[in-house]
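Okay, so here's the structure we're looking at.
Every number here is computed from the coordinates shown, using simple stated rules; none is lab data. Source: prediction; values computed, not measured. Cβ atoms come from the backbone with ideal geometry, glycine included; neighbour counts cover every protein chain shown.
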Amino acid sequence: MISNFPSLFIALRYLKPSKKNTMVSIISLFSFLGIVLGVGTLIIVMSVMNGFKIELFNKIIGINGHLNIHFYENSNTDNLNQLLKSDNNIKSFIKIIDGQGLISSKNISTGTIIKGISNNDFENLKQDIDKIKIKNELPFDNSTAIIGTKLKERLNLQTGDKFKLLVPKFSNTPFGNIPKVKSYTVGGHFDSGMHTYDNNLIFINYSDANKLFLTKNNKPYIQIEFKEVDYIDTFKEELVKKNIENYRVYDWRYSNEAFFNAIQTEKNVMFLILSLIILVAAFNIISSLIMLVKNKQVDIAILRTMGASKNIILKIFFLNGAIIGTLGTLIGTIFGICFVLNINSLRVFLENFTNTDLFSSEIYFLSNLPAKIDFNEVLYVVIVSLFISFFASFIPAWKASKTNPIDLIRKE
């Protein structure tokens, strides 16, 4: 009897291309490439979806905060102010009044969203460059405004230029009710990295915005950003405990949860679709091993007569497929990670080479292609790929181990 049979050596020998097994070698090559492509593509797509979700979330929170507290008329905010100043889980909070209007300059008009913030809050916002990049060359006061970069370009404005802002708050005049119009000077611009804000938002001084927008139905609100997003529900409970009344609370989930759920659903669907690439490669492994078993019938008979057990035959052919799956998964993982780490450089190269905009901010909201590798997801992709490869390798290997050597010798 033969013990410790060199199964791995024989499996590696069968992997070498030969004239007799040309078709088997070609199918094995396609199996290997299919797994590399499938694993690499899965890691790339999952990372881009992660990066897109995280970047979009950060941009939205940077402008709108985690939670907004709106008060009704005659609300007492003393308890709230004490809570905001004493809670160490709060990263920042600012008082805002906002509204909509029409911005006009040089015969060009467009709708805009206006946010009024105080000088102190404006300075704090400038310092947090992860939220928004602000460049102002003129003092931020009642005569100046900070506008989005895309809006500035669209209106062909430069720092120091004047524009008119029309708001839907009417004044009584001898000619009837007319909307309020005020002129502002461009004091600077901001770049949030998100097309929706850069193309539609302007900041003006809080005291001036209060005059323009304060009505019975439109009052200032408190915008809060927490150190951890999971603290939102805990903070809501604190509001109840402190007996703070006459308020409405809107957190980021109120207007964005459906959107982020749609992104997660799309990510899951993409995972299932791209997993089919690995599945097709697995069928190629099965096909190549079935052909290999058929071509190696004589070898199997000789090995069995020399004392090789059924388990050794199974191990030889199983290792043959497992090596293809393991190497394909390993190289696919390396390829996917390297691609993600250099994805923006590759994007810029392809855009310059093809002279096209592959990632338009008008379509995808963001000005760059974000990607975030989640190594838990990478591990999951690797496990799925190896499982499919090993399962596909086991089926023909198990069939080869059931071969009767006597029947094979008779046929020969």
- [ ] With Cα Rg over 2.2 N^0.38 Å in mind, check (i) 0.92; (ii) 1.50; (iii) 1.03 and report the label derived from this structure.
- [x] (ii)
Task: Share antiparallel - DSSP beta bridges, region 90-226, percent rounded to 5 - done: 80
Task: Linear extension gain, I232 paired with D357, 0.36 nm per residue minus alpha-carbon span - done: 41.2 nm
Open item on the list: Please list, in order, the residues from region 151-168 whose amide nitrogen is less than 17 Å from a point placed 7 Å along the Cα→Cβ vector of I108.
Closed with: 151-166
Open item on the list: List the aspartates and glutamates whose Cα sits under 13 Å from the Cα of K106, skipping any in the same chain fewer than 8 residues away.
Closed with: E153, D161
Open item on the list: Over 20 Å between Cα atoms: which of K182/K211; K95/K152; K95/K211; K85/K241; K115/K152 fall into that group?
Closed with: K95/K152
- [ ] Treating only the Cβ atoms of Lys and Arg (+1) and Asp and Glu (-1) as charged, compute the dipole magnitude of region 90-226 about its Cα centre; round to the nearest 20 debye.
- [x] 480
Task: For region 223-240 versus region 84-145, the gap between their alpha-carbon centres in whole angstrom - done: 23
TODO: Determine the dipole magnitude for the chain: charges of +1 sit on the beta-carbon of Lys and Arg, -1 on that of Asp and Glu, nothing else is charged, the reference point is the Cα centre, and the result goes in debye to the nearest 20.
DONE: 1500
Task: Taking region 90-226 and dividing mean pair separation by its residue count, relative contact order in percent (alpha carbons under 8 Å, at least six apart) - done: 39
- [ ] Using +1 at the Cβ of each Lys and Arg and -1 at the Cβ of each Asp and Glu in the chain, identify which of V39, Y380, L303 lies farthest towards the dipole's positive end.
- [x] L303
Task: Net length gained if the chain between L272 and H70 were fully extended (0.36 nm per residue, minus Cα distance) - done: 68.5 nm
TODO: Order these peptides, 117-124, 140-147, 312-319, by their mean beta-carbon neighbour count within 10 angstrom, highest first.
DONE: 312-319, 140-147, 117-124
Open item on the list: Hydropathy at least 1.0 by Kyte-Doolittle, axial extent at least 20 angstrom from the Cα trace: which helices of the chain, defined as entire DSSP H runs, fit?
Closed with: 22-64, 310-341, 375-401
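Normalising by the residue count of the chain, find the relative contact order in percent from Cα pairs under 8 Å and 6+ residues apart.
The value is 30 percent.
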Open item on the list: Show me the ranking of peptides 342-352, 192-202 by mean Cβ neighbours inside 10 Å, starting with the highest.
Closed with: 192-202, 342-352
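How would you rank 89-95, 156-162, highest first, on the average number of other Cβ atoms within 10 Å across their residues?
On the way: 89-95: 16.4, 156-162: 12.9.
Sorting 89-95, 156-162 by mean packing, highest first, produces 89-95, 156-162.
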Open item on the list: Taking 0.36 nm per residue of sequence separation and subtracting the Cα-Cα distance, how much length would be gained by fully extending the chain between S345 and M306, in nm to one decimal?
Closed with: 8.3 nm
TODO: Choose one of S183, S118, H195: the residue whose Cα lies farthest towards the positive end of the charge dipole of region 90-226 (beta-carbon charges +1 Lys, Arg; -1 Asp, Glu; about the Cα centre).
DONE: S183
